[in-house]
1. Calculate for the chain the 222 nm mean residue ellipticity that helices alone would give, adding -39,500 (n - 2.57) per DSSP H run of length 4 or more and normalising by residue count, nearest 500 deg cm²/dmol.
2. Quote the FRET efficiency, to the nearest 0.05, computed for Gln210 versus Asn132 with a Förster distance R0 of 35 Å and r equal to the Cβ-Cβ distance.
3. I'd like the FRET efficiency for Asp58 and Asn281, computed as 1/(1 + (r/R0)^6) with the beta carbon distance as r and R0 of 41 Å, rounded to 0.05.
4. Looking at Phe297, His354, Ala322, which one has the Cα that reaches farthest to the positive end of the dipole of segment 279-380 (charges on Cβ: Lys, Arg +1; Asp, Glu -1)?
5. Along the positive direction of the dipole of the chain (beta-carbon charges: Lys, Arg +1; Asp, Glu -1; about the Cα centre), which of Leu55, Tyr170, Val85 reaches farthest?
6. Roughly how many debye, to the nearest 20, is the charge dipole of segment 243-380 about its Cα centre, given +1 on each Lys and Arg Cβ, -1 on each Asp and Glu Cβ, and no other charges?
7. Excluding same-chain residues fewer than 8 positions from Lys204, which aspartates and glutamates have a Cα within less than 19 Å of its Cα?
8. With +1 assigned to the C-beta of every Lys and Arg and -1 to the C-beta of every Asp and Glu, and no other charges, what is the dipole magnitude of segment 39-157 about the Cα centre in debye, to the nearest 20?
Amino acid sequence: MTKINYAEEFEKMRPYRDHEVNDAIRRLIGYPEFNVVLSWLFPDVPVEKSKQELLQIDGVEEFQVKFMHKVVNTIIKKTSSGLTVSGMENLTPGTAYLFVSNHRDIVLDAAILQVILLDYGHKTSQITFGNNLMSSPMIVDFGKLNRMFTFYRGGSKVEMYHHALLHSAYIRDSIVNKQESLWIAQRNGRTKDGNDVTQSALLKMFIGCQSDPLQSLSELNIVPMAVSYEYEPCDIQKVNEIYISGIRDYVKSKNEDFYSVLSGITSFKGKIHFSFGTPLNAFIESLRQEKLNQNAFTEKVAAEIDRQVYQMFRLQPVNFIAADMLEGTSDFSQHYSSLEYDHFSEYIQKKISHVNGEKQALTKLMLSLYAKPVENFYKK
């Protein structure tokens, strides 16, 4: 295998630097689609005025503070019942962390994280950005302005091994050497069925070629993170994909990821909650005396991330209603009212009516999406 030139590869992967920001913004405001986004976000502000304000920005952090902070808070105000946060006492400003999170929305999971970090006096985080999502120059510019670095997906076995080594080295260099936090999903892609599960292969990638797996993970300051939306972004699209996949191979339509981004941003999400767990360093160190092989070690760490995510997930009445509807019981009726039950039932029926397929099967998949966090929360 060809030796990896890490410096050269990192340069291709990295987000934009301060000196590149203004040129990227000039390109961004030239895209017609971006004008539409500005009009939706700020209907009372002339697009040209927003563009002029953007052109005054010439740094990455300034773009986050002056533009993205306002954008994300506008989205929260327009499309949710508000954002709550817990667990920030587990984080120390100035310390670099690797946030390993469940993944529910393509853009908002990471975008809201950035706003929270700024509001609590932390530096913003680098964000994984799948190369499969880089479907247009506008998305690339917008992503790299938002501190997203390229995360390669797919390819042959040799290519995937190459990418794993590259990702591992990039993450370690960013956290250990550059003291910059990173956000990454616990699995490849968003959760489609409501079951948030950490892939142990992800932890093996973090370890990479390091000789001491425990020390390797401890150096990354891993913090489990749970993202909870009352109403799942793109819920019916996720259900439809699972339904079709059970019948035949699912093939994404052109620009499907882009439209999923738009749908996730604009759809109503109800209550949003972000929770930050206990850093894993003490847990990892407690495993040292067990002298586990790497497979057993990464499985235990993955299970601990899952445990924290399940317990931190903010369950809402819709989750308990879905659990009861799915099983035909009233076991969780103390968590919701009859009015909430009727409202969610109507919500499900309306969503299902917009897709083709066997309604009973689609309804079951939709209920499972909302009910799974309840099942996971009560796991022993």
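Values quoted throughout were computed directly from the atomic coordinates according to the rules given, and no laboratory measurement underlies them. All values reported here derive from a predicted model rather than from experimental measurement. All Cβ positions, glycine included, derive from the backbone under ideal geometry; neighbour counts span all protein chains shown.
1. -15500 deg cm²/dmol
2. Given R0 = 35 Å and the Cβ-Cβ separation, E is 0.80.
3. 0.65
4. Farthest towards the positive pole: Phe297.
5. The residue sitting most towards the positive pole is Tyr170.
6. 260
7. The reachable aspartates and glutamates, counting only those whose Cα sits under 19 Å from Lys204, are Glu159, Asp173, Asp196, Asp212, Glu219, Glu285, Glu290, Glu299, Glu304, Asp306.
8. 320
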